[in-house]
Amino acid sequence: MSARNIDYNDKFLSAFLSPSELESYNPAVAQAEKLLVSRTGAGNDFLGWLDLPAKTSRDLVKSITDKAGEIRDSIKDKDGVLISIGIGGSYLGAKAAVEFCSPSFEELRKPRVLFAGHTINSDYLADMLELVKDREVAVNVISKSGTTTEPAIAFRIVREWMEKRYGREGAAKRIVATTDRAKGALRKLAKEEGYTAFEIPDDVGGRFSVLTPVGLFPLAVAGLDIAKLLEGAAGAAAFCTGESVEKNLAGRYAAVRNILFRKGYTTEVMATFQPQLHFVNEWWKQLSGESEGKNGTGIMPAGLDYTTDLHSLGQWMQEGLRNVFETFMLLKKTAKTMAVPKFADDSDDLNYLAGRSFEDINEKAFQGTILAHLDGGVPAAVLMLADRSETTLGQLFFFFEKAVALSGYMLRVNPFDQPGVEAYKKNMFALLGKAGFEKQAQALSARTKDISI
Ligand code: PA5
């Protein structure tokens, strides 16, 4: 079992939330935990993610790493790339993990993973194909439903390109599909074309799927240790279980969020001080927003990258509307350390910082910021991550998943559905002329006149 690599510290909240108030939330934590563990709460047919850390079989991990090894071999020359195609839960987890664990610049990653299908944009796709034109390329197309428009149309472009480049059979050897066991157009296509295909379990929703082949396969190709990621998540299950805020770290964080929400702090800003955490934030925003934002309630998740954003939204955070609370997600240890050099002439007046590491300076920036924001009326807590390892990230993924599930139950919503996501899709299908949406198309046509791009 791995050591505990993440910690949540709410002691700075005392002016906003007393220890007794937090303790008084124990029954709510216990109730949410019971609903989850007994699998009797809303959305209980989507709780497969709870078992993934402990129950993912060695055989599955081996088949993912074996196939990833094969794909790595096929793209090892000429600065090869994997194009990972997906959106939402079929994109953000892998993107977050690659950014968290890999060198800061894509150019330094071998192989590189490029992401597509998460936007509808010709320039992006055309530039990507220009970038890879002289490189070896493999593709992982990921869609649970197998029918999501954004990745499906991106895959058409990439598939056509791959078939021109490698021939139909050659392309099929370099394309891996990750999709539902039986349903959807992608499963059918994978079968027809002979793509290797990994399954997304029926009982795991998109935003909870990073520890299924959805995240594990592209991460294994990127060179991450997926066994460590799963081991980390299993470790977190141990300290994110229990019916009180003392025992259950995820329950504690969920309780703090709910108490603050009820006091009118309706937006949570997840603030980072290291750029490698930017996409962890993006993943968390989807996890939290899609799970809780329904029935007219839900904490609005927002993300800020400090110190960058202290020079843009810092003013708002310090003196704007007091409806936000802040969780500082910090890395205790970076992979490398640089210190400010000493200059004999001190012409820029910086010798007072000579010899001090960037991390030391960043820490003072963090301390200055949290104290200023507390003084400015922003409740703030700290989520500390030990390092940029797969173990730490696995713990963090599970901590957030568990916390969001508990928090959703405390808010009395079903944290595992996303009915609201369908509204734009239905409109889009109607406007695109998809069969079956004719009535809706008629109703919308007059309304679209003045809203074209
Ligand atoms: O969490 C979710 O369910 C969504 O964000 C989906 O992951 C996203 O819409 C992509 O869906 P699919 O994997 O079916 O293409």
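The values are calculated or read from the model by the stated rules, or taken from the named source; none is laboratory data. Quick caveat, the model's predicted, so the values are computed rather than measured. As a convention, Cβ positions derive from the backbone with ideal geometry for all residues, glycine included, and neighbour counts pool all protein chains shown.
Computed quantities for the displayed model
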| item | result |
| --- | --- |
| Evaluation of GLY289 against (1) in a loop (DSSP other than H, G, I, E, B); (2) without any contact (Cβ under 8 Å) to a residue 40 or more places away in the chain (one fails), failing number | (1) |
| Scan of segment 141-167 for residues that are within 15 Å of the ligand (Cβ to nearest atom) and of a type in the set (Asp, Glu), ordered by number | GLU150 |
| Any hit, segment 120-127, residues being in contact (Cβ under 8 Å) with a residue 12 or more places away in the chain and away from the ligand (no atom under 16 Å from the Cβ) | yes |
| Where a residue in segment 401-420 is farther than 20 Å from LEU92 by Cβ and its partner, wherever it lies, is part of a loop (DSSP other than H, G, I, E, B) and within 16 Å of the ligand (Cβ to nearest atom), with Cβ under 6 Å and at least six apart | VAL413/LYS294; ASN414/ALA42; ASN414/GLY43 |
| Matching helices (runs of 4 or more DSSP H) fully within segment 349-453 where at least 3 residues are in contact with a Gly (Cβ under 6 Å, 6 or more places away or on another chain) and buried (at least 22 other Cβ atoms within 10 Å of the Cβ) | 390-410 |
| Residue within segment 189-202 that is in a loop (DSSP other than H, G, I, E, B) and within 14 Å of the ligand (Cβ to nearest atom) present | yes |
| Test for VAL137: is it more than 16 Å from the ligand (Cβ to nearest atom), touching a residue at least 40 places away in the same chain (Cβ under 8 Å) and within 21 Å of TYR195 (Cα to Cα) | yes |
| Qualifying positions in segment 370-413 - among the hydroxyl-bearing types (Ser, Thr, Tyr) and either at pLDDT below 95 or over 23 Å from THR56 (Cβ atoms) (or both) | SER407, TYR409 |
| Flag for LYS342 being in contact (Cβ under 8 Å) with a residue 24 or more places away in the chain and outside any helix (DSSP H, G or I) | no |
| Test: LEU13 is touching a Pro at 6+ places or on another chain (Cβ under 7 Å), away from the ligand (no atom under 16 Å from the Cβ) and within 30 Å of LYS332 (Cβ to Cβ) | yes |
| Test: residue in segment 64-77 that is touching a residue at least 60 places away in the same chain (Cβ under 8 Å), of a type in the set (Ser, Thr, Tyr) and not in a helix (DSSP H, G or I) | no |
| Criterion (assigned to a helix (DSSP H, G or I), within 16 Å of the ligand (Cβ to nearest atom) and either without any contact (Cβ under 8 Å) to a residue 60 or more places away in the chain or surrounded by fewer than 24 Cβ atoms within 10 Å (Cβ to Cβ) (or both)) met by exactly one of PHE279, PHE217 | PHE279 |
| Those residues of segment 353-386 which are out of contact with any strand residue (DSSP E or B) (no Cβ under 7 Å at 6 or more places or on another chain) and not hydrophobic (A, V, I, L, M, F, W, C), in sequence order | GLU359, ASP360, ASN362, GLU363, LYS364, GLN367, GLY368, THR369, ASP375, GLY376, GLY377 |
| Criterion violated by GLU231 - all others in (1) assigned to a helix (DSSP H, G or I); (2) over 15 Å from LEU60 (Cα atoms); (3) at pLDDT 95 or above satisfied | (2) |
| Condition check for ALA255: more than 20 Å from LEU393 (Cβ to Cβ), in contact (Cβ under 8 Å) with a residue 24 or more places away in the chain and surrounded by fewer than 22 Cβ atoms within 10 Å (Cβ to Cβ) | no |
